[in-house]
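A quick write-up on the structure given underneath.
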Amino acid sequence: GCGIIGSTTTKTRNVAVQVISCESNEPSKSKKLAAGSPIVVVEAPRMIKTAASVPCLVVNSGLVNPGDVGRIVSRKPMDVWAVRLAIGTYLIDGKYFKPLELED
């Protein structure tokens, strides 16, 4: 979710320009995640890409399932993460997993 924080309107050469500030109410997941952080898959992606030097895009036919646990290897652009799972290392969008809360 995104809530509007502030809004200002400025007139420049008879053109009204509206600037809207937007902040997410959710805590940023990227601040909690780093290399080595444990994660749990919450939704199975339709397509997955291997994190090999020559990536291969494949249909997720039951390879990655909700509840699977892995570790972050590295962060890629656009909220994509290299995640080491039991079946190998894959590039997974951040919306498909959440940090795993480990009990002490």
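Scoring residue 80 on the criteria (1) within 16 Å of residue 32 (Cα to Cα); (2) open to solvent by 50 Å² or more (accessible area, probe 1.4 Å); (3) out of contact with any Lys or Arg (no Cβ under 8 Å at 6 or more places or on another chain) leaves a single failure, condition (2).
Pairing each residue of region 47-71 that is in contact (Cβ under 8 Å) with a residue 24 or more places away in the chain with any residue that is of a type in the set (Lys, Arg) and open to solvent by 50 Å² or more (accessible area, probe 1.4 Å), provided the two are 6+ apart or on different chains, yields C-beta distances under 7 Å for 55/49; 70/84; 71/84. Output the strands (runs of 3 or more DSSP E) that fall wholly within region 4-104 and possess 1 or more residues being basic (Lys, Arg) and at pLDDT 90 or above, or say none. Once the strands (runs of 3 or more DSSP E) in region 4-104 are filtered for at least 1 residues that are basic (Lys, Arg) and at pLDDT 90 or above, what remains is 47-50, 69-76, 80-85, 97-99.
The values are calculated or read from the model by the stated rules, or taken from the named source; none is laboratory data. The structure presented is a predicted model; accordingly, all values stated were derived computationally and were not measured. Cβ sites come from the backbone with ideal geometry, for glycine too, and all protein chains shown count toward neighbours. Surface areas here come from the heavy atoms of the whole protein model, side chains and all, with no ligands, DNA or RNA. Shrake-Rupley method; radii C 1.70, N 1.55, O 1.52, S 1.80 Å.
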